[in-house]
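Asker: A single structure is presented below for examination.
The values are calculated or read from the model by the stated rules, or taken from the named source; none is laboratory data. Note that the coordinates shown come from a computational prediction; the quantities given were computed from them, not determined experimentally. Reconstructed Cβ throughout: ideal geometry from the backbone, glycine too, with neighbour counts over all protein chains shown.
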């Protein structure tokens, strides 16, 4: 069950819509929740993991990465609000073009919001690290 902080209900709904957009290959729809100065931090150790500063740099990464999906989804399973952060526990099930194997796993995405826009987006492969980073005791 989702834990809701009334101050981030709209942001949680926007995140749900963003994941839906990503899954239908609507990159502009996915990107619309982000502030123009967003910081995107990808998990260390994954191919192409890097930090992007600004929506232009992030978008330049998202478009070709999403285009590599032959099929699949990144399905949010649970949303946890922690202060100005929303932790999204998501299940990834994607097959890339020119591959026969599926990439399957769980991630925790942490979005930090200010004035209704995501100013930071971090992905963790360890859900406990995500919760600790977001401020869980």
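Asker: Go through the range 97-137 residue by residue and tally those that are surrounded by fewer than 16 Cβ atoms within 10 Å (Cβ to Cβ) and over 21 Å from residue 9 (Cα atoms). Write out each step before concluding.
Answerer: Looking only at the range 97-137, we keep the residues that are surrounded by fewer than 16 Cβ atoms within 10 Å (Cβ to Cβ), and these are 97-106, 114-116, 125-129, 132, 135-137.
Now restrict to residues that are over 21 Å from residue 9 (Cα atoms): 97-106, 125-129, 132, 137.
Of the residues in that region, 17 qualify.
Asker: Which of the residues spanning the range 64-83 are surrounded by 12 or more Cβ atoms within 10 Å (Cβ to Cβ) and in a strand (DSSP E or B)?
Answerer: 69, 70, 72, 73, 74, 75, 76, 78, 79, 80, 81, 82
Asker: Pairs please, first residue from the range 121-134 and under 9 Å from residue 41 (Cβ atoms), second anywhere and modelled with pLDDT of 95 or more and buried (at least 18 other Cβ atoms within 10 Å of the Cβ), Cβ atoms under 6 Å, 6+ apart in sequence or on different chains.
Answerer: Between residues of the range 121-134 that are under 9 Å from residue 41 (Cβ atoms) and residues that are modelled with pLDDT of 95 or more and buried (at least 18 other Cβ atoms within 10 Å of the Cβ), the close pairs are 121/40; 121/111; 122/110; 123/107; 123/109.
Asker: Let me ask something else. What is the one condition in (1) under 15 Å from the mean Cα position of the chain (by Cα); (2) more than 25 Å from residue 136 (Cα to Cα); (3) modelled with pLDDT under 95 that residue 103 does not satisfy?
Answerer: The single condition residue 103 does not satisfy is (1).
Asker: What is the residue count in the range 92-102 for residues that are assigned to a strand (DSSP E or B) and in contact (Cβ under 8 Å) with a residue 24 or more places away in the chain?
Answerer: Residues in the range 92-102 being assigned to a strand (DSSP E or B) and in contact (Cβ under 8 Å) with a residue 24 or more places away in the chain: 3 in total.
Asker: Restricting the search to the range 20-37, which residues are in contact with a strand residue (DSSP E or B) (Cβ under 8 Å, 6 or more places away or on another chain) and either surrounded by fewer than 17 Cβ atoms within 10 Å (Cβ to Cβ) or farther than 13 Å from residue 62 by Cα (or both)?
Answerer: Residues satisfying the conditions are 25, 33, 35, 37.
Per-residue answers, yes or no, for (1) touching a residue at least 60 places away in the same chain (Cβ under 8 Å); (2) surrounded by fewer than 15 Cβ atoms within 10 Å (Cβ to Cβ); (3) farther than 20 Å from residue 20 by Cβ; (4) out of contact with any strand residue (DSSP E or B) (no Cβ under 6 Å at 6 or more places or on another chain):
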position	(1), (2), (3), (4)
49	no, yes, yes, yes
62	no, no, no, yes
85	no, no, yes, no
90	yes, no, no, no
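Asker: Hey, another quick one. For residue 107, state whether it is part of a strand (DSSP E or B), out of contact with any helix residue (DSSP H, G or I) (no Cβ under 7 Å at 6 or more places or on another chain) and in contact (Cβ under 8 Å) with a residue 60 or more places away in the chain.
Answerer: Taking the combined requirement at face value, the residue satisfies it.
Asker: Evaluate the range 7-23: report whether one residue or more is in a strand (DSSP E or B), at pLDDT below 95 and within 21 Å of residue 136 (Cα to Cα).
Answerer: no
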